[in-house]
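Report on the following structure.
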Amino acid sequence: MRRTVATTSYRLLLSVWLMTLSVIGVAADKDGAFPFATEGLLFTMAGSNTVGAHLAPAWAKAYLESKGLQGVFIEPLPAANEYRIKGRNGTRMVFIDIRAHGSSTGFAGLKAKSADVALSSRPIKTTEARSFDVAGGMQASTAEHVVAIDGLAVVVNPRNPLSTMTVDDIAKVFAGKITNWKALGGPDKRINLYARDDKSGTYDTFKSLVLRKSATLSSRAKRFESNDELSDAVAGDLGGIGFVGLASVRDAKALAVSDNNTAALKPEVLFVATEDYPLSRRLFMYTPGESSVPFVNDFIRFAQGQAGQNIVETIGFVSQNPKGLVVEVQEGPERYQELAKVMQRLSVNFRFQPSKADLDNKALQDVERLARYVQALHTQSGENLNIQLVGFSNVESTEKRAQVLSRLRATAVKSALYRFNVQTESVIGFGDSMRVANASGTSSAKNERVEVWIFTDEYLSAVNAIKDKIKLGEIIRPASAVSQL
């Protein structure tokens, strides 16, 4: 697919401008200083090592500094994976404690009131949620806080010639059904398995997204509490394979992963940020509803805000701050490809509550983030940029029903943005034509999403002409099987 020089130049200039804006950032978070009498332990966070090893301490340090504390530093405590972040409020010492021993320990600590915030690299389980008497439940927006996006990377030794694997083959390898790399096109060498421990949210996510209900982790797998230690072990073992959080790939090699009938994607920023990558996941903080512990709610807002999300990116995860990203290859319906020639995709996908048309907790936050981002775009450029919402659905009983549902989801996002004074173009729906997950698998809800694109007035007539063709029912699918970005 060839682009005209004008189109390529437009996308290049827009891309450079958007990258410049992402460096400048939108309005910085502003927090008032602590009251003079504030001292001692503010609150305790417990749970996921993925969140607690580096990210939570960095958040805590920046938060205390934003409150005017002096000499803030991170102090490792005697027990492994435990930290105290402290600084001086005048002559008074103030600190935050973190215990990072696995997601399940966070919920146990929250229940026992030994922790004020549970850090988790997976959604709370139904059995765990039942143990809390919280208005609206532990899935309510006052209790569940999405704080970052992570890609669960499948890593091998850098000298391993394999570059891609399917989710099914990864499951067979870790279940011990495939034991030699030769069966996958690699060297004639025994496969050595490295996995996180049972308390890890990373392991829970791996079980849910890869092993699913049909496979069990092989007893041959060597288990680790730390992502970093696991990755380093794989990097030093030619026959090794493991799974870690995105920030812990380190010297190992991350494989591209494909789900059933989807193209293989590496855990790169766009595909992880939009959660299109098959093994992408959300990182959470949980509180028992709106917290009554002083400064907890303020800290969570800091972590979710612009400054906190900048830290997410610095640590090596994927932030939720919107960014404009160029996608060079656009597979999918012909009309989608035509639109992509003159538009720039943002690193935001809106998703929905299970089996509902209501935005999920992350999407509710993303509406506000996108509103701030659009305002910053306008302020920086003084030029009008048009926002195009593009909806998709999972497989439905008929193609027409799938297209209607995809437009309805885009309309739900349009309405939510309108409440923040953000105007968008008439919506587009492409039905189930670009699935990003197995239509009948545990992650099938990922197919129900709304992408966000932007374009300048220069291309408004071209976009409208393409949309007129779509209205006439000309959503032309690619000749290949199910397509994927």
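The values are calculated or read from the model by the stated rules, or taken from the named source; none is laboratory data. Computed from a predicted model, the values in this text were never measured in an experiment. When we count neighbours, we look across all protein chains shown, and the Cβ atoms used for this are built from the backbone with ideal geometry, even at glycine. For the accessible areas, the whole protein counts, side chains as well, though only heavy atoms, and no ligand, DNA or RNA atoms are used. Shrake-Rupley method; radii C 1.70, N 1.55, O 1.52, S 1.80 Å.
Across all directions, the average flat footprint of the convex hull enclosing the Cα atoms of the chain is 23.9 nm².
A crude spin-label estimate for the pair Ala183 and Glu290, with each label 7 Å from Cα along the Cβ direction, gives 5.5 nm. Spacing of the modelled spin labels on Lys111 and Lys266, each 7 Å from Cα toward Cβ, amounts to 4.2 nm.
Pairs exceeding a 26 Å alpha-carbon distance, out of Lys125/Lys400; Lys67/Lys125; Lys61/Lys253; Lys199/Lys222; Lys356/Lys414; Lys125/Lys253: Lys125/Lys400; Lys67/Lys125; Lys61/Lys253; Lys125/Lys253. Note that the chain presents 42 Å² accessible area per residue, ligands and nucleic acids not counted, probe 1.4 Å.
A protection proxy built from the mean count of other Cβ atoms within 10 Å ranks the segments 287-297, 54-64, 73-83, 262-272, most packed first, as 54-64, 262-272, 287-297, 73-83. Cα centroids of the range 124-159 and the range 175-247: 21 Å apart.
When the solvent-accessible area of the range 36-96 is split by element, carbon and sulfur atoms take up 55 percent of it, the probe being 1.4 Å. When a 1.4 Å probe is rolled over the protein heavy atoms, the share of accessible surface on the range 352-457 that falls to carbon and sulfur comes to 47 percent. Extension gain for Val327-Arg220 works out to 34.5 nm (0.36 nm per residue, less the C-alpha to C-alpha distance). Extension gain, Val395-Thr127: 0.36 nm per intervening residue step, less the Cα-Cα distance, totals 93.5 nm. Note on the range 112-260: with neighbouring protein chains present and a 1.4 Å probe, carbon and sulfur make up 46 percent of its accessible heavy-atom surface.
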